[in-house]
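Remarks on the structure that follows.
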Amino acid sequence: MEWLTERIGAEGVRGLGQFVGINLAFVVVLMIVAYTVLAERRVLALIQGRLGPNRVGYGGILQPFADLLKFIFKEEITPDKATKFVYFLAPIIAITAALMPIIVYPFGPTINLPFVGQVSLVIARFDIALLYVLGITSVGVYGIALAGWASNSKYSLMGGLRASAQMISYELSLGLSLVGVVLMSGTLDLYAIVEQQGGWYGMRWNIIRPDGLPQLLGFIVYLISAIAETNRVPFDLPEAETELVAGFHTEYSALKFALFFMAEYVNMFTVSMLATTLFLGGWQGPFVEQVPLLGIFYFLGKVIFFLFLYIWLRGTLPRFRFDQLMNFGWKFLLPVALLNVILTATMMFFMLRD
Amino acid sequence: MPWTILFFIIFGGMAVGCALSMVAQRNPLYSAVSLIGVFVALACLYLTLAAPFIAAVQIIVYAGAIMVLVVFVIMLLNAEEEARRPYRLKFLIPVAVGLATVLIAEAAFMLTVGGAARPDPVPPKVAEVGLTASVGTGLFTEYLLPFEVTSVLILMALVGAITLARRTQVIGVAEEDLAVAGGAAPSLEAASSGDRIITPGDTEATGQAMAREQIARGEAAAPARHGEEEKEGE
């Protein structure tokens, strides 16, 4: 370690660490995503009284790799009258925007690694982490909208239009539902927000934290808008298969389709991580102070709970109608999110005054 | 320091290139995508200037909200490629070239000749200027009045937009139709004969609002039938 610091300086070591961390995080997240797809198929099958894919490997454990191989070897088809450049650009935007936010989430406390020393388990820690996440998420809509437009197909266009309208609408309540947490924490740094939720044996999570307002309302609004942001059931109108064939990715095949597919699941994963970090205490939990490595398991456990919730909802709920979706977003979720902001601010005002 | 310069060259070049492409493209959607590129490049430049908050706001507001609406409208209207037309105001071309020359000469003068007299650009308290806390404190203490005035301005724009949209959709249609000589305009006929007129962009709510408007304006046959229909429909 000292040898490396002498050669390239402290800044260089930090940069190198972040570079390695980012690549490692991408690999880990993509593996988790692959197994989320498998879990989704198995759990859905369980809910529907089927078996699901269980042939490749023990209990279907190698199914994601079989799927990947299939995606790679399928023929790439580009529609004749597609706008070529944008048609290629769209899946790239989608997957880039999905992967970029994962670097800011703290997935464990500061631990003592052999040879390296004290390491905080977060890849990049900076002042505006939450805004960064929101900004990148809001750019992600271009992937879907442009895919729908460039395919030159009416189903794709309808899907793209629906997706952009839906994502703009629900982004507002999503952003507002987080304001309560930001007001209570007084920072946008995700690592600091998680650290503040320690105490009570690591159970002083923002969702039940008594200084200010417990963010239960904000949590519910966030959960619903996050499902809508990721275009999952019951908000999967952009790809409603009974109406639009497959929505915005109707004309995409092989790896380009796989990129959209991966982007959707990575988005699921990131919004689950954000919910965990902001509302459920991130890596905080009982005995984390004694055994810091437990933090990673708490974090992953909470995230997996959310992923399971997504799959569960998909097996349970029917799809919204589009006007219901818009009415619900603008006339119910947005006012509730505003109410949460006002209530939290009022509580904070009185508490800070005393 | 060399890293900063490298990033400046990359993102500055990206901003200029995207801006040129935005002006030069004939397909409106390509122009919009280029403009998004400009905004992203500008945000990266803000980051190198140690103003992360401004960078994030740039992405969220411009790239994430305004341009999404622009792209949405372009997709919705299915805007075609613009046909190349002969320039109408030809004298503007030499004027533009002349002004550009003056601008570039001015910049070159400032950078070379005026360099000696130029004070060193020492940014005060670099670590604090662009951070969220300092921006927030500034906005809500020192610059509270301009901030509030700006919000009132935006509110006015909002109210204005809603007023304009409402007038064209509901009242405007009815007024135009009533102004037609002979009274019975086609759309009103259709409405009173029970068919619902559906135009692009209409939702069920606007249709019902239109029906109510017609009832309020005293359509003779409409009220009872519409009332019943709405009940049945529910």
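Figures for the structure shown
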item	result
Order of A:I61, A:I32 - criterion: other Cβ atoms within 10 Å of each residue's Cβ, fewest first	A:I61, A:I32
Counting all C-alpha pairs of the range A:46-160, share separated by more than 25 Å (%)	56
Modelled FRET efficiency - R0 41 Å, B:L20 with B:T141, Cβ distances, 0.05 increments	0.50
Euclidean distance between Cα centres, the range A:1-59 to the range A:218-258, Å	23
Cα-projected label distance for A:K84 with B:A157, points at 7 Å along beta-carbon direction, nm	3.9
Loop-exposed GluC sites (Glu not before Pro) per DSSP, neighbour cap 12 Cβ within 10 angstrom, longest uninterrupted part of chain A	A:77-354
Qualifying chymotrypsin sites (Phe, Trp or Tyr not before Pro) in the range A:218-256, DSSP loop, other Cβ atoms within 10 Å at most 10	none
Cα coordinate range in chain A, projected on the principal axes (Å, largest first)	62, 55, 43
Cβ-based exposure ranking for A:T137, B:T48, B:T150, in which fewest neighbours within 10 Å come first	B:T150, B:T48, A:T137
Cα-derived Rg to Rh of the range A:204-292, Kirkwood definition	1.15
Additional length obtainable on full extension of the chain from A:D323 to A:L68, 0.36 nm per residue less Cα span	88.1 nm
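Values in this text are rule-based calculations from the coordinates and carry no lab data. Since the structure is predicted, the reported quantities are computational estimates derived from the model, not experimental observations. Using ideal geometry, Cβ is built from the backbone for each residue, glycine included, and neighbour counts are taken over all protein chains shown.
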